[in-house]
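Right, one structure below, let's go through it.
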Amino acid sequence: MRGKTIVQLLNVQKTFYPSGVKALKGVNLFLEAGSVHALLGANGAGKTTLVRILAGEIQPDAGEIFVDGRAVNFRTPKDAMRHGIVLVHQNLSLVEELTVFENLFLGREPRRLFFLDRKKAEQRVKDLSERLFLVALDRRVVDLSMAEKQKIEIVRALLFGARVLLLDEPTAYLSESEEERLFELLASLKRNGCAILFITHDLNQALKIADRVTVLREGETVLSEETSHLNVRQVIEAMGFRSSESPRVDVEIGEELLKVSDITLRSGKRLVLDRVSLSVRQGENVGLFGLGNDGQFDLLEVLIGLKKPVSGRIFFQARDITRLSIRERRRLGIAYVPKDRLREALNLEGSILENAMVNVYREIPFAKFGLLNWALLQDYIHGMLKEFQVETNSIMQPVKTLSGGNLQRLILARELFRGPKLFLACRPTSGLDAQVQHYIAERLQQLKSWGCALIATNDAEEAFGLCDKVLIFSKGRLKRTLYKEQLTEPSVLVSLVGEQT
Amino acid sequence: MLTQLLRSSISSTLPIVVAALGASFTQRVGKLNIAIEGTMLVSCFVSVYVAAGSNSWLLGVTAAMTSSCLLSLFVWLIHRYLGANIFVTGLGVNLVASGLVVFLSSTLLGSKGTIFFEEMPSIPVLRLEVLEHSEPLRTLLFDYNVLELIAMLVVFVSWLITKTPLGLRMKAIGKNETVARQLGLNVDWTRIWSFIFCGLFCGLAGSMLSLPLGLFVAGMTNNRGWLALVAAVLGGDNPLGVLGVSMVLGFSVALSNRLQLFTTLPAEIVLSIPLILTLGVVLIYSILKTGERGRSP
Amino acid sequence: MMHRKVLSPILTVAIAFLLSAVILGITSRQPRETLRWFFLGPFSNFYFFGNMLAASIPLMFTGLAACLAFSAGMFNLGLEGQHYFGAIIGTIVALSVPTSSVSSMFLALAVSFLVGALLALVPMLLRLTLGFSELISSFMIGQVFIYVGDFLLNGLFRDPEAALAATRHLDETVVLAKILPPSNLHAGYVVAIALCLMFTVVRKWFVMGYEFKMVRENPRFAKIHGMDVERIWLLAMILSGGVAALGGMVEVLGVYGRAVKGFSHGNGFNGIAVSLLVRNNPALIFLSALFFAYLESGAEIASLMVQTPAEIVRLVQGIVFCLVTAEFLFSRGERDADSVT
Ligand SMILES: Nc1ncnc2c1ncn2[C@@H]1O[C@H](COP(=O)(O)OP(=O)(O)OP(=O)(O)O)[C@@H](O)[C@H]1O
Ligand SMILES: [Mg+2]
């Protein structure tokens, strides 16, 4: 089944200016037709940089790329596309306001005279969409789930004639079942002779799905091997990690910190949350799990004060906070990590310092009489970033020069550093490498001795790894509570949700 | 009386809707051109000047469209290739235009005030020999001059354009430029097209203000460019929405013209009436819209 | 990097000078004389020089006003109306209240500030409650109040003895002290500089400056992290409108001694260009205001000494406007570094 080599990279190098970061120091890689290739590596290893180079988004400083044995030089994504190479971004590239149909054909509309030839277009997409169970073509993309959006991207790539698919952390925002479906899709593409390269932080997944694994470490290829010759331990070593068990500390359960009663939230006519009540005590890390967007993320937005519920009350340490502003809630010791990292959790225009100081700048001793003490702030932020191992050259650099994982660490550092009483987080460990995931898990365990956490996720693995108790959401309703004893493995969650719906 | 008011509101709607559609093209690609007022003003001048000089209304309109196309492209080029802020550049063009027309009319025609052109070519009016017995009804339904008919055609064509691949691309570029680029759309050219449309439409709109009257005066657009912008913003992506808002604004302009004729309000107040009514429209429209959808931050 | 930031404004300035010279040279019958008066006129004696500095005072105020709005990511196109109408109401109030000189001056300033703030507040409220672009509504509201101001000066509050549409003169004791008589330069200059410096310090060293920056760059981020975004926008607009109006009042108090129809002649709009020319850096606003004042005084002196049409300044200012935010020497190769994982 495995075919000939389509793409080959030789000693590819890339340095980013003005920071001078050497993202790639010499990477070798080849992709074969009809095979799945997993790209692994710690945060900041250069994975994203590599696929962006392959897709023509950025140019390498040195090294060669061969497609079908001929040297190529991509200047734009279009050049890469012409050779059938398409990158599916982690933050997907769909125009949310348009329909599925419009997104699929944008830029290559079949036409009759001056107008869109709808019939012809539908014919083209027909067998593809039947095979892939594509959702209705006329729905707007905003209303779709992450998995559906991803599928649209892949279908579009195929419509464009892609034979090499590059996927940057495709599973980072998918739920378990969505992941399954994605892998089925990839398998069928593979049978049709596509070459697939995907980036992931989940080693087991990589070994299960991929035919071949390549590990990057600090911009260099340190391992490239058929999966049949590999085991997890070898890969972990190659990545430079120590393998370790996920910690779980038992602490005395304390007073009730958060009590939510009968929260109902609407968005337009849609009922997003339907009379949700729950209670969290100090010493508990509670997961809010739903297969897709089942209201668990919206609940956190309600708790921090971003969304106003139609009815219901929120009590924090027995105090009614339903009407408090976001600032007042944060001051009480509530921390929040939003779902959209790039648009909500960060100010991409700002520097690392400006992003890191946002939770403390208002407080004494950093601000006195409205006057900022920059020197003190810098010291403080240095300490914070160091503790959370955020790799930076200078905190004055623009924040967008950090890699995806380092951005995520920065966000978590900012929210966790001061030991919040109530830690609200959406998908806190997605996009983090195993090492950092482990570290975050440890921090969350420590948190229990003075506070509690609410973790909204659609990743059973994450809920399982971080929480002592999981609340299962389905379509805006709280369906069921699972306790520690029942949490034997992640699949329990998935199968349970299946039963409920 | 009522039919007269209706007829005159149609006449005042047409230039507004044409300019608004031009602006809405630039809005659709995410680069709202706020130089409409100035562009229209320049076209007002160019169209009468050329028409009077060449004794051809068609040449006048063509010249107006060309000049306003150039101005519109100027805004785009300065923004795109010199990285200037598009609103600021647009404002600059408005300022240049108001200086330019006075400068031109004083150097070319020797007057800074109202200039009447004696020998203006008349604009053909399409007269149908129907409804002879009911004069008011006929003026309302027929009796439109060629410019007005073209304007109606323009409304229809703009609507058609939204249905074409070009329209789809414009929308996609406006909503998410990065994605459009990643998909290999020619973002720059699509935007240039929309600025060309904007220029052509504003040129037509400007001619419609000055040609039928055969005169020019520096304040003759009287903020109608800004009204058109409001119509474009409120109407959003939908040309029919733009048409709807323009009709309301056209009605308010017609009404304020009536007031000027039949009452003795001071000039300053009359000038501000369309603006005030427009603000009222904005208010009502937005209240209706937000009431329907619920507020969003 | 750095030198490009400095070079672009300098190039804009150079182009503006070149264009004015070309246009003046072409249209004037005595190009040599005209150009000489245009370029050197403002420096030929203390009177002209003082007048040039004086002309930069209202521009500093409106420049700072524009800068305040931009700093929070807002666009205030109603500066002209706020500048003009605020001053008119301030003057009228000061004229109608019989109080001592100093307090009626402060009264006038306070009233104008309030009126300007109010005019800027309305578009902001429209945006916050109804989502309508403040860019367009602030312009339209400003425009309406220019008409209303004209109406007041022409009718109700017109000094019957004056030849032009203007209010009565304020009392001799109410006006601001002159610095370089007989020129128009007055104490307002110091006030303007002080305000600009104050805002410079606030931007760099104060909580408010940081909040303005975050709100400007990503309002959603700011909101999620507990900043009161709407309040910051309102504050920025209120300050912007207030400072613009203050500028008008200072102009009336320092130069005219009464509100005269059309006294603002574009100061409000030019404020936007003044601020943008120095990339919204309040510490440098005095420089770009001076540049605009220089263009204006040069043209004025030229048209006084040699007959040239005064509209030319409008043209040149418009062209400066078009180029003021331009980044000359702007390379496209740098784009590829600015996207993220
Ligand atoms: N546009 C850029 N400008 C400057 N430095 C950059 C840029 N993009 C990436 N880098 C740096 O290059 C290195 C590799 O980044 P890259 O995004 O490829 O990592 P990654 O392997 O995808 O990590 P993650 O798993 O965290 O997403 C990092 O140190 C990052 O800070
Ligand atoms: Mg990455």
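The values are calculated or read from the model by the stated rules, or taken from the named source; none is laboratory data. Computed from a predicted structure; not experimentally measured. A quick note on method: Cβ atoms are made from the backbone with ideal geometry, for glycine too, and the neighbour counts reach across all protein chains shown. Quick note on the areas: whole protein, heavy atoms, side chains included, nothing else; ligands and nucleic acids left out. Shrake-Rupley method; radii C 1.70, N 1.55, O 1.52, S 1.80 Å.
Region A:314-408 holds helices (runs of 4 or more DSSP H) entirely within its bounds, and those carrying 2 or more residues that are away from ligand 1 (no atom under 16 Å from the Cβ), within 22 Å of A:L444 (Cα to Cα) and more than 23 Å from the chain's Cα centre (by Cα) map to A:326-331, A:374-387.
The set of residues from region C:308-327 being facing chain B (nearest Cβ under 7 Å) and part of a loop (DSSP other than H, G, I, E, B) comprises C:P309, C:V324, C:T325, C:A326, C:E327. Among the residues of region C:144-160, what is the count of those that are closer than 30 Å to B:G235 by Cα and surrounded by 20 or more Cβ atoms within 10 Å (Cβ to Cβ)? Looking only at that region, the number is 4.
With respect to the conditions (1) among the polar types (S, T, N, Q); (2) open to solvent by less than 20 Å² (accessible area, probe 1.4 Å); (3) more than 16 Å from ligand 2 (Cβ to nearest atom), A:N406 falls short on a single one, namely (3).
Taking the stated definitions as given, is C:F85 in contact with an Asp or Glu (Cβ under 9 Å, 6 or more places away or on another chain), within 14 Å of chain B (Cβ to nearest Cβ) and buried (at least 24 other Cβ atoms within 10 Å of the Cβ)? No, not satisfied. The residues of region A:249-269 that are at pLDDT below 90 and of a type in the set (G, A, S), listed by number, are A:G254, A:S267, A:G268.
Of all residues in region A:332-367, those that are open to solvent by 30 Å² or more (accessible area, probe 1.4 Å) and facing chain C (nearest Cβ under 8 Å) total 5.
Selection over region C:179-220 of residues that are open to solvent by 30 Å² or more (accessible area, probe 1.4 Å), touching a residue at least 60 places away in the same chain (Cβ under 8 Å) and not in a loop (DSSP other than H, G, I, E, B) gives a count of 10.
Just the residues that are within 16 Å of ligand 2 (Cβ to nearest atom) and open to solvent by 10 Å² or more (accessible area, probe 1.4 Å), please, taken from region A:173-197. The answer is A:Y173, and nothing else.
Per the listing A:A434, A:A425, A:A413, the residue uniquely open to solvent by less than 10 Å² (accessible area, probe 1.4 Å), within 16 Å of ligand 1 (Cβ to nearest atom) and closer than 30 Å to A:F16 by Cβ is A:A413.
With the structure loaded, tell me whether A:E102 is assigned by TED's automatic domain parsing to the domain that holds A:I209, surrounded by 18 or more Cβ atoms within 10 Å (Cβ to Cβ) and more than 23 Å from A:E169 (Cα to Cα) or whether it fails that test. Considered against the rule, which asks whether it is assigned by TED's automatic domain parsing to the domain that holds A:I209, surrounded by 18 or more Cβ atoms within 10 Å (Cβ to Cβ) and more than 23 Å from A:E169 (Cα to Cα), A:E102 comes out as yes.
Step by step: first the residues of region B:27-58, then only those that are β-branched (V, I, T) and out of contact with any Lys or Arg (no Cβ under 8 Å at 6 or more places or on another chain), then the one that is farthest from B:G244 (Cα to Cα). Which residue is that? Looking at the filtered set, the residue picked out is B:V50. Selection over region A:359-399 of residues that are touching a Lys or Arg at 6+ places or on another chain (Cβ under 7 Å) and of a type in the set (V, I, T) gives a count of 1.
Just to verify a result, which residue in region A:167-178, among those that are away from ligand 1 (no atom under 16 Å from the Cβ) and under 13 Å from the mean Cα position of the chain (by Cα), is nearest to A:S93 (Cα to Cα)? Within region A:167-178, the match that is nearest to A:S93 (Cα to Cα) is A:L174. Taking region B:70-88, which residues are open to solvent by less than 20 Å² (accessible area, probe 1.4 Å) and either at the interface with another protein chain (Cβ under 7 Å from one of its Cβ atoms) or among the hydrophobic types (A, V, I, L, M, F, W, C) (or both)? Scanning region B:70-88 gives B:V75, B:W76, B:I78, B:A84, B:I86, B:V88.
Checked against (1) of a type outside the set (S, T, N, Q); (2) buried (at least 22 other Cβ atoms within 10 Å of the Cβ); (3) within 14 Å of chain C (Cβ to nearest Cβ); (4) away from ligand 2 (no atom under 16 Å from the Cβ), A:V399 passes all but a single condition, namely (4). Looking at region B:138-160, which of the residues that are within 14 Å of chain A (Cβ to nearest Cβ) and in contact (Cβ under 8 Å) with a residue 12 or more places away in the chain is nearest to the chain's Cα centre (by Cα)? Restricting to residues being within 14 Å of chain A (Cβ to nearest Cβ) and in contact (Cβ under 8 Å) with a residue 12 or more places away in the chain, the top hit is B:S158. The single residue among A:I411, A:I440 that is in contact with a Lys or Arg (Cβ under 8 Å, 6 or more places away or on another chain) and either modelled with pLDDT of 85 or more or within 16 Å of ligand 2 (Cβ to nearest atom) (or both) turns out to be A:I411.
Scanning region B:14-27 for residues that are open to solvent by 10 Å² or more (accessible area, probe 1.4 Å) and either hydrophobic (A, V, I, L, M, F, W, C) or touching a Ser or Thr at 6+ places or on another chain (Cβ under 8 Å) (or both) yields a total of 1. Of C:S297, C:S303, all but one fail to be at pLDDT 85 or above and on the phi < 0 side of the Ramachandran plot; the exception is C:S297. Based on what the data block shows, is A:T200 within 16 Å of ligand 2 (Cβ to nearest atom) and either closer than 25 Å to A:E461 by Cβ or without any contact (Cβ under 8 Å) to a residue 12 or more places away in the chain (or both)? For A:T200, the condition - within 16 Å of ligand 2 (Cβ to nearest atom) and either closer than 25 Å to A:E461 by Cβ or without any contact (Cβ under 8 Å) to a residue 12 or more places away in the chain (or both) - is met.
Restricting attention to region C:275-295, the residues that are open to solvent by 30 Å² or more (accessible area, probe 1.4 Å) and in a helix (DSSP H, G or I) add up to 6.
Every residue, every condition in (1) under 21 Å from B:V146 (Cβ atoms); (2) facing chain C (nearest Cβ under 10 Å), yes or no:
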position: B:I196; (1), (2): no, no
position: B:F216; (1), (2): yes, no
position: B:W226; (1), (2): no, yes
position: B:A231; (1), (2): no, no
position: B:D237; (1), (2): no, no
position: B:L240; (1), (2): no, no
position: B:L255; (1), (2): no, no
position: B:T263; (1), (2): no, no
position: B:Y285; (1), (2): no, yes
